[in-house]
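Written out below as structure tokens is the structure these notes cover.
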There are 2 protein chains.
Amino acid sequence: MDQSKTGETLLFLTDDQVRKGIEAMFFAYRGFTADPDRILGGMDYGRAHHRALHFIHRSPATTVNNLLAVLGVTKQSLNRVLRSLIADGLVESRVGQADKRERHLHLTKKGAELERSLSDAQRARMRAAYRAAGPGAVQGFRQVLEAMMDDGARRQYQSLKETSI
Amino acid sequence: MDQSKTGETLLFLTDDQVRKGIEAMFFAYRGFTADPDRILGGMDYGRAHHRALHFIHRSPATTVNNLLAVLGVTKQSLNRVLRSLIADGLVESRVGQADKRERHLHLTKKGAELERSLSDAQRARMRAAYRAAGPGAVQGFRQVLEAMMDDGARRQYQSLKETSI
DNA sequence: GGTTTATGTCAGCCTTGTTGACTTTCCAAG
DNA sequence: CTTGGAAAGTCAACAAGGCTGACATAAACC
């Protein structure tokens, strides 16, 4: 009856099993964001700025609308963040050539540096967790997370997944 | 060189591998909170209320101080949430018998009902993700999450893990 | 009796989400 | 060619939920 110990017969999932996963997700997410949050704490920026920098770095020349869809916030919410990043010279907004309504977003040297330092901190923790859990665990981790996403998010995740940087 | 395809030799973790994990975590957490958020959207409550209800349900008679430590917020922040839950008759605060300074928190019938409906929604998604990913993946998922936590959070997670409800 | 601890509260601030209203630009149907 | 609608972006105002700081009360501890 005690599947939790063996990990072999989890086709029958007790509420207890599932609840542990929920709590793990809660506590782990705190750790996940802790290092970048600490770095950003000193500056005038927050987690929203980190997310914008991450995905602009990830998809250079992305439009505001693309970024909106990936981040899952309103354009007004994103705009406030972008405005300060642009004002501080971390992000450059270039008017689209084909469609002048669009703004294409790029990191400046300064922006790329901050993104790098945030990313380094977060990657270090993720890497340490991967090492601690072992190679097999990493596959399972990503499989469960992927299955947990909403359909729209999964599509975005997968299309990002293809692109290497 | 392409360990990502085989998943066998992940002792050498490329930045790319790790970055995918980071993005998976970001997108998955949105899915993780989506269902309770939707339910709470209709009421005057938010994610903070959900978290309080969850952990009061999980550790009945917990004190305010305990809850503070688990949630990782300030007492002013928690107090705002608790005040509304108590005012609306979802949570009951009982003066401690041994130590009359303490308040022991309990869910009322009404509070337990709301907690149940939020929990049902979140468990359903987590259960579906577990099933989709398969039994082996679940172990890896929890192992990586646990390794990602801060030390304090891991201790709290583990002491909760023992307790069955 | 003085100090520490647990809790609660008030005030004020910040980040980051929201909606609503607006401008500029583009495109397509007439 | 014009005009009306859709799309991209911006500005303003508001709400949730974090935060700090200061302070009050009661109980416990020494």
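Mind listing the phi-derived Karplus ³J(HN,Hα) values for segment B:98-112, rounded to whole Hz, using 6.51, -1.76 and 1.60 with θ = phi - 60°, and x for any glycine or proline?
Each residue of segment B:98-112 in turn: 5, 10, 6, 6, 6, 10, 9, 9, 9, 7, 7, 4, 4, x, 5 Hz.
Report, as an integer, the average count of C-beta atoms from other chains found within 10 Å of each Cβ along B:28-41. Show your work: numbers first, answer last.
Numbers: counts 14, 10, 7, 10, 8, 3, 5, 1, 0, 0, 0, 0, 0, 0.
Counting other chains' Cβ atoms within 10 Å and averaging over B:28-41 gives 4.
Can you return the lysines within cross-link range of A:LYS20? Criterion is Cα-Cα under 21 Å, with same-chain partners fewer than 8 residues away left out.
The reachable lysines, counting only those whose Cα sits under 21 Å from A:LYS20, are A:LYS5, B:LYS161.
Could you work out the Kirkwood radius for chain B, taking every pair of different alpha carbons, averaging 1/r and inverting it, reported in Å? Before the final figure, lay out each step's value.
Values: mean 1/r = 0.0550 Å⁻¹.
One decimal place: 18.2 Å for the Kirkwood radius.
Using a 10 angstrom cutoff on alpha carbons, build the Gaussian network for chain A and name the most mobile of A:ASP99, A:ASP35, A:ASP151.
Looking only at A:ASP99, A:ASP35, A:ASP151, the biggest GNM fluctuation is shown by A:ASP99.
Tabulate in residue order the Karplus-calculated ³J(HN,Hα) for segment B:15-32, using 6.51 cos²θ - 1.76 cosθ + 1.60 with θ = phi - 60°, rounded to whole Hz; enter x for Gly and Pro.
With coefficients 6.51, -1.76 and 1.60, one gets 4, 5, 3, 5, 4, 4, x, 5, 5, 4, 4, 4, 5, 5, 5, 4, x, 4 Hz.
Take chain B, connect every pair of alpha-carbon atoms lying under 10 Å apart with a spring to form a Gaussian network, then pick out the residue of B:ALA24, B:ALA153, B:ALA112 with the largest mean-square fluctuation.
Comparing B:ALA24, B:ALA153, B:ALA112 in a Gaussian network model of chain B, the most mobile one is B:ALA24.
Hey, can you grab everything whose amide H is under 5 Å from the amide H of A:HIS104? Only 5+ residues off in sequence or another chain; H modelled, so Pro and N-termini drop out.
A:ARG94, A:VAL95, A:GLY96
Can you tell me the equivalent ellipsoid semi-axes for the protein assembly as shown? Use √(5λ) from the Cα gyration tensor, largest first, whole Å.
35, 26, 18
For label points placed 7 Å from Cα toward Cβ, what is the shortest-first list of nm distances from B:ARG94 to its copies?
Spelled out, the distances from B:ARG94's label point are 6.7 nm.
For the protein assembly as shown, what is the charge dipole size about the Cα centre, in debye to the nearest 20, if Lys and Arg each add +1 at the Cβ and Asp and Glu each add -1 at the Cβ?
In debye, rounded to 20, the protein assembly as shown gives about 540.
Mind giving me the nanometre distance, one decimal, between the label points for A:ASP151 and A:ALA128, set 7 Å out from Cα along Cα→Cβ?
4.0
Taking only C-alpha pairs under 8 Å that are 6+ residues apart, what is the relative contact order of chain A in percent? Mind dumping the intermediate values first?
Numbers: 114 pairs, mean separation 33.4, N = 165.
Dividing the mean separation by the residue count of chain A yields 20 percent.
Give the aspartates and glutamates whose C-alpha is closer than 13 Å to that of A:LYS100, dropping any in the same chain fewer than 8 places away, or say none.
Those aspartates and glutamates meeting the cut-off do not exist here.
In vacuo Debye scattering of segment B:53-138, one point per C-alpha: log10 I(q)/I(0) at q = 0.13, 0.15, 0.25 Å⁻¹?
Each listed q corresponds, in turn, to -0.51, -0.63, -1.21.
So what is the relative contact order of segment A:70-165, in percent, for Cα pairs below 8 Å that sit 6 or more residues apart?
After rounding, I find 17 percent.
Bear in mind that the values in this text are calculations on the coordinates, not laboratory data. Everything quoted here is computed from the prediction, not taken from an experiment. All Cβ positions, even for glycine, are placed from backbone atoms using ideal geometry, and neighbour counts span all protein chains on display.
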